[in-house]
Amino acid sequence: MKHFINLDDLSTKTLNGIIDNAIALKKQHKAGEINETLKNKTLAMIFDKSSTRTRVSFEAGMAQLGGHALFLSDRDIQLGRGEPTTDTAIVIGSMVDIIMMRVSSHETINTFASNNSVPIINALSDESHPCQLLADMMTYKEHKGSIQGRTVAWIGDGNNMCHTYMQAAKAFGFTLNIATPKGYEPNQTFTNNYQDHIVLFNNAKKACQNADLVVTDVWASMGQEDEQAKRAIAFKEFQVDQDLMKHSNSDAVFMHCLPAHRGEEVSADVIDGSQSLVWDEAENRLHAQKSLLLYLLG
Ligand code: CP
Ligand code: NVA
């Protein structure tokens, strides 16, 4: 059974194949060609956190491929009222062809995977966000070519997105400079596992040196709203602004998975400026995930 729970569930060759097919699907879609390969297939989408891009891209993607997507929020299904995860996994898996999950606990996704005979996609957990990295790597390739041998600067929180960039550094062969405030470093297990591909800093300017791509994310992720004020102080020196971008290569590009907070982790003139690829990056969620669905459903 093929799942997509972490980026490194798939080989580099497979990841590159998914990205190349995503670029082809994008061209096909823009040319108005119909591709109904997933006709009569159903995707269940389980959410216990908010989403704009993930929900719309998976739902629109399934519709474009001739299939159907079911939006299941934890407010609507019995999982939110305490039905056991394993029971929910068995029942939903018996009725649909593939399941996508955005849940607070990564363990819930693993439980679904071990109790299912259909593919499970992680659409963001507290640990990782592999679907976003498919779109980011696709976007880099479209604009700048191969990322192999390049330097990427991750500025801000050592969070789920940062962890997935660490996995991407290994899979796609780039160096990841990670700049976080002290105490906000990535999870130690990730740091140990990907140590050959990352360099840790507590200084954003140093991390940006030689960077071809600068990436950031919110200072307080979903579920950390109570820490917002404390984090705004801790991350004060970690805003990606024009001054910081000047420390990276002159042709460096900027990415952010969105939603963004202008004036916090990124200045408006960077995210809305000429180096920013955020709109293509967001749109590419659609094309990358259509390619992923086609791969997982064989
Ligand atoms: N980047 C991302 O996953 O966006 P949403 O939270 O809107 O799905
Ligand atoms: N780190 C963010 C990513 C949102 C797409 C969060 O988990 O809220």
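A few remarks follow.
- The residue pairs whose first member lies in the range 201-229 and is touching a residue at least 40 places away in the same chain (Cβ under 8 Å) and away from ligand 1 (no atom under 16 Å from the Cβ), whose second member is charged (D, E, K, R) and part of a loop (DSSP other than H, G, I, E, B), and whose beta carbons are closer than 6 Å, counting only pairs six or more residues apart or on different chains, are ASP212/ARG150.
- Selection of the range 119-138 for residues being near ligand 1 (Cβ under 10 Å from one of its atoms) and outside any helix (DSSP H, G or I) yields ALA123, LEU124, HIS129.
- Meets criteria (free of Cβ contacts under 8 Å to residues at least 60 places away in the same chain, assigned to a loop (DSSP other than H, G, I, E, B) and under 24 Å from VAL270 (Cα atoms)) for PRO186: no
- Within the range 38-56, the set of residues being within 16 Å of ligand 1 (Cβ to nearest atom), of a type in the set (S, T, N, Q) and not in a loop (DSSP other than H, G, I, E, B) comprises THR54 only.
- Residues located in the range 255-276, provided they are within 16 Å of ligand 2 (Cβ to nearest atom), touching a strand residue (DSSP E or B) at 6+ places or on another chain (Cβ under 7 Å) and either assigned to a helix (DSSP H, G or I) or of a type outside the set (Val, Ile, Thr) (or both): MET255, HIS256, ALA260, GLU265, ILE271
Residue by residue, here is whether (1) under 22 Å from ILE19 (Cα atoms); (2) of a type in the set (A, V, I, L, M) holds:
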| position | (1), (2) |
| --- | --- |
| ASP212 | yes, no |
| VAL215 | yes, yes |
| PHE235 | no, no |
| GLU265 | no, no |
| TRP279 | yes, no |
| ASN284 | yes, no |
| LEU293 | yes, yes |
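- Within the option set ASN177, ASN210, being away from ligand 2 (no atom under 16 Å from the Cβ), within 19 Å of VAL240 (Cβ to Cβ) and part of a strand (DSSP E or B) holds for one residue only, ASN177.
- Picking from residues in the range 57-96 that are in contact (Cβ under 8 Å) with a residue 60 or more places away in the chain and part of a helix (DSSP H, G or I), the one that is farthest from ligand 2 (Cβ to nearest atom) is GLN64.
- If the condition is being in a helix (DSSP H, G or I), among the β-branched types (Val, Ile, Thr) and farther than 20 Å from LYS2 by Cβ, then the range 15-37 contributes only ILE23.
Yes or no, residue by residue, for (1) at pLDDT 95 or above; (2) buried (at least 22 other Cβ atoms within 10 Å of the Cβ); (3) small (Gly, Ala, Ser):
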| residue | (1), (2), (3) |
| --- | --- |
| ALA60 | yes, no, yes |
| GLY67 | yes, no, yes |
| ILE90 | yes, no, no |
| MET95 | yes, no, no |
| ASN110 | yes, no, no |
| VAL118 | yes, yes, no |
| LEU134 | yes, yes, no |
| LYS141 | yes, no, no |
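- Inside the range 219-258, residues that are closer than 30 Å to VAL103 by Cα and either among the charged types (D, E, K, R) or surrounded by 13 or more Cβ atoms within 10 Å (Cβ to Cβ) (or both) make up a count of 23.
- Residue in the range 232-250 that is within 14 Å of ligand 2 (Cβ to nearest atom), in contact with an Asp or Glu (Cβ under 6 Å, 6 or more places away or on another chain) and not small (Gly, Ala, Ser) present: no
- Residue in the range 139-172 that is farthest from ligand 2 (Cβ to nearest atom), counting only those that are in a helix (DSSP H, G or I), touching a strand residue (DSSP E or B) at 6+ places or on another chain (Cβ under 8 Å) and over 22 Å from GLU185 (Cβ atoms): LYS144
- Residue among SER248, SER291 that alone is small (Gly, Ala, Ser) and assigned to a loop (DSSP other than H, G, I, E, B): SER248
- Options ALA168, ALA211, ALA153; residue that is more than 18 Å from the chain's Cα centre (by Cα), of a type outside the set (Phe, Trp, Tyr) and surrounded by 23 or more Cβ atoms within 10 Å (Cβ to Cβ): ALA211
The values are calculated or read from the model by the stated rules, or taken from the named source; none is laboratory data. As the structure is a computational prediction, the values presented were derived from the model and not from experiment. Every residue, glycine among them, receives a Cβ derived from its backbone with ideal geometry; neighbour counts consider all protein chains shown.
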